[in-house]
Amino acid sequence: ITPVEKILLDTIKANGPVSFATYMQMCLSHPTEGYYMKSANSIFGSRGDFITSPEISQVFGELVGVWLLSQYMQNAAPGTHIQIIELGPGRGTLMADVLRTLMQLTPVKSALRSVLLVETSPALRDAQSEVLKQWSEVPGITVKWHESLDDVCLDDNAFTMLVAHEFFDALPFHLLERSHQGWQEVMITVDPDTTAKTVLRASDLPKPLTDPSVDMTLPLSSSRSRLRPVLSSVPSPISNLLGRSSPRFHELPVGSRIEVSPAAFRIAQKIGEIIGSLGRKGAGLLVDYGAGHVFDNSFRAFKGHKIVDPFYLPGQCDLTVNVDFTYLSEALAGTATRHGPLTQHDFLTRMGMHLRVKKLQDAARPERRKSIEDAANRLVDLMGMGKQYKVMGV
Ligand code: SAH
């Protein structure tokens, strides 16, 4: 039993089933035992559990930087100060690449005032601080960390550049099922739980998604898990509220399931306020697994670069749920203009990825040229990352 699993089993014994949101929150962000509280090396990269686009090729962060710059040049008066915010910076690689790109360019060089990082994990903050050290030493630029976007001190007159890469997919979600009574929440209970007055559907046995870029050979028996989903017997205030939180959900037939993240909605609303309300100006890029619709069964875990059952080794695997970009767009309505989502393939190729790769290859030693191209191509592969990741502009 992992430490997080022990805490969950005790909680369920004392208080009854927990929501998927509580499960995800505990597994990823429990203050001492959560997955993201560990050292960055055990999470990211070839020795960790997964690898993300900025870690695969520097071209990713460079093109994100160029997009942000283009928005600044189109929308801000020359010389306007810049504050740049990243949500969930991981190892800090994306921000390092974005800053390296932006700071070579005259319009930004003297305008950048602050780099604001929203990160809950002390271990990852340490890793980020190491990677971004050179920028914190530049006079006139402040690099600061915050627990939440609500805590960030903003300069209302500055232009905000915001990035969130693989951030929204890590936020807790609730799993709801439509019944004749309304929306009921699917909870997590202990198996066997003789006391639960609830119903389990046959389809509740977790089935990992098929993902062509991921090897799924890790032996895994979901029947060995001590935790299992269970449908609440009646709608609750939260399930009713979330079920009504998008007009799209009303049209779904009885029996439908939806993965809904109120945390994602709230943060997207906040992004809209920061970028678009009260005469503020800014631009943001949200990049994640997902699409422009709600998902019913995308919750999964990663361990050692393989997709595993989300109940496998709680607290020791990365957990992810696809992002409903239309839900984020609904949260941003009224404050900010939204563009996309586009596939990562379309975004990067339209931003001139191949031209940039060619430049890097020309400057590299011959033996490095192929690996530079292979890494970039992985980002736009239509059988993998190029299609699975979507990019939304705000
Ligand atoms: N953007 C990085 C890391 C993605 S992993 C990359 O693409 O490589 C998710 C990141 O979000 C981690 O840094 C994690 O600690 C952070 N995170 C997760 N939930 C968070 C929350 N509620 N608030 C702030 N940061 C969070």
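The values are calculated or read from the model by the stated rules, or taken from the named source; none is laboratory data. Please read all numbers here as calculations on a predicted model, not as lab measurements. Counting neighbours? That spans all protein chains shown, and the Cβs are built from the backbone with ideal geometry, glycine included. To get the accessible areas, we keep the full protein, side chains included, count just its heavy atoms, and leave off ligands, DNA and RNA. Shrake-Rupley method; radii C 1.70, N 1.55, O 1.52, S 1.80 Å.
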A correct Karplus calculation of ³J(HN,Hα) over the stretch 278-285, with 6.51 cos²θ - 1.76 cosθ + 1.60, θ = phi - 60°, whole Hz and x for Gly and Pro, returns 6, x, 6, 10, x, 8, x, 10
Note, the stretch 304-313: 3J(HN,Hα) by Karplus (6.51, -1.76, 1.60, θ = phi - 60°), whole Hz, Gly/Pro = x, goes x, 6, 10, 7, 10, 4, x, 9, 6, 6
Tell me which residues come under 5 Å, amide H to amide H, from LEU112 once H is placed; ignore anything under 5 positions away on its chain. ILE82
Taking all protein chains as present, what is the carbon and sulfur share of the accessible area of the chain, in % to the nearest whole number, probe 1.4 Å? 55 percent
Distance (nanometres) between label positions extended 7 Å along Cα→Cβ at LEU154 and THR32: 3.7 nm
Using alpha-carbon coordinates, inclination of helix 58-75 to the longest axis of the chain, degrees: 70 degrees
Positive dipole terminus of the stretch 257-372, leading residue within ILE307, ALA264, THR349 (C-beta point charges): THR349
Hey, if you put +1 on the Cβ of every Lys and Arg and -1 on every Asp and Glu Cβ in the chain, which of TYR35, ASN377, PRO17 ends up farthest toward the positive end of that dipole? ASN377
Under the Karplus curve 6.51 cos²θ - 1.76 cosθ + 1.60, θ = phi - 60°, whole-Hz ³J(HN,Hα) for the stretch 124-134, x wherever Gly or Pro sits: 6, 4, 4, 4, 5, 5, 5, 5, 9, 3, 4
Cα-Cα pairs above 11 Å in the stretch 317-365: how many percent? 77 percent
Rg in Å to one decimal, and Dmax rounded to a whole Å, for the stretch 222-357 via C-alpha atoms: 18.1, 57
Could you pull out every residue, at least 5 positions away or on a different chain, whose amide H is within less than 5 Å of the one on VAL163? Hs are placed 1.01 Å off N in the peptide plane, and Pro or chain starts have none. ILE85, GLU86, LEU87, LEU285
In nanometres, the difference between 0.36 nm per residue of separation and the alpha-carbon distance of THR11 and HIS339 is 113.9 nm
Ranked by how many other beta carbons lie within 10 Å on average, peptides 107-113, 227-233, 318-324, 367-373 from highest: 318-324, 227-233, 107-113, 367-373
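Using +1 on the beta carbon of Lys and Arg, -1 on that of Asp and Glu, and nothing else charged, what's the dipole of the chain about the Cα centre, debye to 20?
Taking the Cα centre of the chain as origin, the dipole is about 520 debye.
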Using the Cα centre as the reference, give the magnitude of the dipole from point charges on the C-beta atoms of the stretch 306-394 (Lys, Arg: +1; Asp, Glu: -1; all else neutral), rounded to the nearest 20 debye. 520 debye
Based on Cα positions only, what radius of gyration and what Dmax would you give for the stretch 279-390, in angstroms? 17.7, 51
Using packing as a proxy for protection, rank 50-58, 13-21 so that the peptide with the highest average count of other Cβ atoms within 10 Å comes first. 50-58, 13-21
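Once the Cα gyration tensor of the chain is found, what semi-axes does its equivalent ellipsoid get, as square roots of 5 times the eigenvalues, in whole Å, sorted largest first?
For the chain, the semi-axes come out at 37, 24, 20 Å.
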For all pairs of alpha-carbon atoms in the stretch 104-176, what percent lies in each bin of width 10 Å, listed from the first bin to the last filled one? 15, 45, 30, 8, 2, 0
Select from LEU149, PRO235, SER129 the residue farthest towards the positive end of the dipole of the chain; place +1 on Cβ of Lys and Arg, -1 on Cβ of Asp and Glu, and compute about the Cα centre. SER129
